[in-house]
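Notes for the one structure printed next.
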Amino acid sequence: MAAARRNKRVAATQSGFLKLNPSLGQSESNLGRRKRVNKNKKKNWNKHSDIQDVEEFLDDVRLQERSTGGLLSERPDDGLFFVDTGDHSKNIQKGGAEKKGRGSRPLRIDLILQNDSLIPPPKDILAHQQPNAKKLRRIAQKAEQLAAKGVLPRRQKLLMRRKVAAGSKAKERPSANNHPERPFYDLWTEPSGVTADPWYLEQTQKKLVKRPDKLNQKPSALPAVEVIAAGGSYNPEFFSHQALLLQAHEVEVKRQKEEQRVERQLAYKREDTATEETVFQEQVEGLLEEEEGEEPVQEGEEPMQEKTTSQSATRDKKTERQRKREKAEKAKEQHRKAVQVLTGRRQQLFQLRSIHAEVKRREQRTRERQAKRRARQEAQKSLPRRLGKLKFQAPDLDVQLSDEIPGSLRMLRPEGSILKDRFKSLQKRNMIEPRERAKFKRRHKLKYVEKRAFKAIT
């Protein structure tokens, strides 16, 4: 690199070097007397070395290489100058024929868009690199060797077998578009099933995943918008309005009963109130222990458990005669049970009618239980499920009393909130879990300061 810079700098000092940047001559003329610095020390090399002329020369060389494709001093005269004959009306084509007019001249926009740089673009090395190229090359060479021997890989064998099997079947030619008996094609219908080879679809990973049937089911059977009863109208009928009032009354009674049940559970009896005597009994309890029902163990006697273990240890082993007798009794008991089971089965032949009736009763009970289970499942589809730690709380009914019913639609007062109604509807349809408003917890305590004005008044 240093030798190339030195050669270019020497070329610049020659009289035949053409400078494309006019500022180079001015910089050389402005060079004055240089400051004498000791350059034997390394720290003064970059500090006091003037390389401005070298940088300007290299910039001018790069500019010439970009714009003209090389140094102007090295180009021939034919590449720098041309003879203007003054005849601009004639343009010579490639075939040697002459064409009059300005049709053969390039457009100005094309000249602007042309690339001025004559340096070819750098070669993209990454475009020619392949991951695992050495491994792929080795696999390809091995495949060529096997192909030369007439051995096919397993994948290709499977494909050949499938092609042979597919070719043996009679293929139906599709009818032409202008055939009068062809079926009607609906553009907006759903596309038919995939007719390609399933093995090919699995290998190319184009086979669609089967969608579970559960994803197509709605989380609840309730409608998105529930219409209020007829009694909730601004001008309802008397009986429908009374039915709605009764429904709201039942909800309120149920709520009061729940509150009373909680109060009863939390209430305490006056008899259970602590007195001085009960407090004293609790304090002295456990201090006086009376051992009743326990007999002291004498010195010469041993515990009962030790006696039993000693007796079992000293017990004699069974004799051969005792073992034979136990074995015979065991075989006799098994034979008796087998005879009893066989007798029971024979007796069941005379009980076929009662057994058949019992089977029918069991099947009837099974069908009834299945019907109840299906009815319960259908009823649960319209009920909110437990999705979180909180239970679903049904909103209050928007109902007006008899004296609050307006006489016209203009006097109607709006009740409830559309946002709350939609939020509760999403909870009821099992789309979101029931939630409660997050409580604000103050991080720092409030600090109260009495100002002077407050102190002056008090």
Q.
Need one number: nm distance between label points at GLU378 and ARG362, each 7 Å from Cα along Cα→Cβ, rounded to one decimal.
A. 2.8
**Q.** Full-stretch length increase - ARG75, ARG108 - with 0.36 nm per residue and alpha-carbon distance subtracted
**A.** 9.2 nm
Q | Pair LEU146, ASN38: separation of 7 Å Cα→Cβ label points (nm) | A | 7.7
Q. Could you give the nm distance between label points at THR278 and SER67, where each point is 7 Å from its Cα heading toward the beta carbon?
A. 11.1
Q | Mean Cβ count within 10 Å, highest first, over the residues of peptides 328-334, 424-430 | A | 424-430, 328-334
Q. Among 231-239, 436-444, what's the highest-first ranking by average C-beta atoms within 10 angstrom per residue?
A. 231-239, 436-444
Q. Dipole magnitude of segment 309-449 about its Cα centre, charges +1 at Lys/Arg Cβ and -1 at Asp/Glu Cβ only, in debye to the nearest 20?
A. 1180
Q) How large is the dipole of segment 331-383 about the Cα centre if only Lys and Arg carry +1 and Asp and Glu carry -1, each at its Cβ, rounded to the nearest 20 debye? A) 100
Q: Highest first, please rank the peptides 59-71, 256-268, 384-396 by the mean number of other Cβ atoms sitting within 10 Å of their residues.
A: 59-71, 384-396, 256-268
Q) In this model, which of LYS269/LYS441; LYS424/LYS445; LYS254/LYS439; LYS257/LYS381; LYS214/LYS360; LYS269/LYS424 are farther than 30 Å apart at the alpha-carbon? A) LYS269/LYS441; LYS424/LYS445; LYS214/LYS360; LYS269/LYS424
Q. Of LYS372/LYS428; LYS134/LYS157; LYS163/LYS207, which pairs sit farther than 29 Å apart, going by alpha carbon to alpha carbon?
A. none
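None of the figures in this text is laboratory data; all of them are computed from the coordinates on show. As the structure is a prediction and not an experimental result, all values here were calculated from the model. Cβ sites come from the backbone with ideal geometry, for glycine too, and all protein chains shown count toward neighbours.
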